[in-house]
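The values are calculated or read from the model by the stated rules, or taken from the named source; none is laboratory data. Just so you know, these numbers come straight off a predicted model, no measurement behind them. For neighbour counting, all protein chains shown are included, and Cβ atoms are generated from backbone atoms with ideal geometry for every residue, glycine included.
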Amino acid sequence: MANRVLKATDLTIDGNLVVTGTTASVESTNSTLKDNIIVLNQGETGAGVTLVNAGLEIDRGTADNAQLVWDEVTDKWQLKVGTTVTDTLTGSWTGLSDTPATFTADKFIKVNAGGTALEFVDEPGLPAQTGHAGKILTTDGTDASWIANPALTYALIFG
C-alpha cells in the first residue's frame, strides 16, 4: 500500500498505532497526552545521550526559538534562546537577580509586593534571631513566628 492517502474528518483507532519512518508530524491546534512522562531519545544504546543533547523546543515565530535541553557533556539542563545558553538548572538555586554578594544573618527573604520576585531586606521589628538556628521565620501577614521544622515548611511553601 505504498503512497496511499486516507482522508477523514474524524478517525478513531481502537488499539495501538505504530508509525515507522524518520519523521512523524502532527498538525493540531491542541494536543493532549495522558502519559505523565514523555520519553525522548527512546532506544538509546550508548551510555548517555549519544547525540549530546535532548530536550524540548518552542517555535517563537520570527523570534529565536526557546529550548529546555539536557546537555550530556555538562550533565545539566540548559535554558536556551536561539543558540545562546541563558541559564543552567543545577541542584542549587542560581540566577536569582536579587541575591546580594554577601548574605548575612540580619537579612530576611520576602516576596515583593507584586508577588513576582524574592527580595533580601532588613525588617526591623521582627522577632529576635538569637537561639533560633536552623529555624525558619514565617508570617501570616500580621504575626511572625519561628518554625522548628524547615523541611515541613519547605513542603508547605513549595509543595
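The residues on offer are 57, 27, and the sole one that is outside the structural domain of residue 82 (by TED's automatic domain parsing) and not small (Gly, Ala, Ser) is 27. Annotation: of all residues in segment 32-75 being closer than 21 Å to residue 86 by Cβ and charged (D, E, K, R), the one that is surrounded by the fewest Cβ atoms within 10 Å (Cβ to Cβ) is 59.
Yes/no matrix, rows are residues, columns are (1) out of contact with any Phe, Trp or Tyr (no Cβ under 9 Å at 6 or more places or on another chain); (2) within 26 Å of residue 20 (Cα to Cα):
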| site | (1), (2) |
| --- | --- |
| 34 | yes, yes |
| 50 | yes, yes |
| 56 | yes, yes |
| 59 | yes, yes |
| 62 | yes, no |
| 77 | no, no |
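Criterion applied to 62, 86 was being in contact with a Leu (Cβ under 7 Å, 6 or more places away or on another chain), over 30 Å from residue 3 (Cα atoms) and not aliphatic (A, V, I, L, M), and the one residue passing it is 86. Quick one: residue 19 ticks every box in (1) within 19 Å of residue 85 (Cα to Cα); (2) outside the structural domain of residue 79 (by TED's automatic domain parsing); (3) aliphatic (A, V, I, L, M) bar one, so which box is it? Failed condition: (1).
Residues that are loosely packed, with under 11 Cβ neighbours inside 10 Å, at pLDDT 80 or above and more than 30 Å from residue 135 (Cβ to Cβ) are absent from segment 87-98 altogether. Is it the case, given these coordinates, that residue 29 is surrounded by fewer than 10 Cβ atoms within 10 Å (Cβ to Cβ), out of contact with any strand residue (DSSP E or B) (no Cβ under 7 Å at 6 or more places or on another chain) and either at pLDDT below 80 or part of a loop (DSSP other than H, G, I, E, B) (or both)? So residue 29 passes the test. What residue, among those in segment 1-24 that are closer than 15 Å to residue 42 by Cβ and either aliphatic (A, V, I, L, M) or in contact with a helix residue (DSSP H, G or I) (Cβ under 7 Å, 6 or more places away or on another chain) (or both), is surrounded by the fewest Cβ atoms within 10 Å (Cβ to Cβ)? Residue satisfying both the conditions and the ranking: 18.
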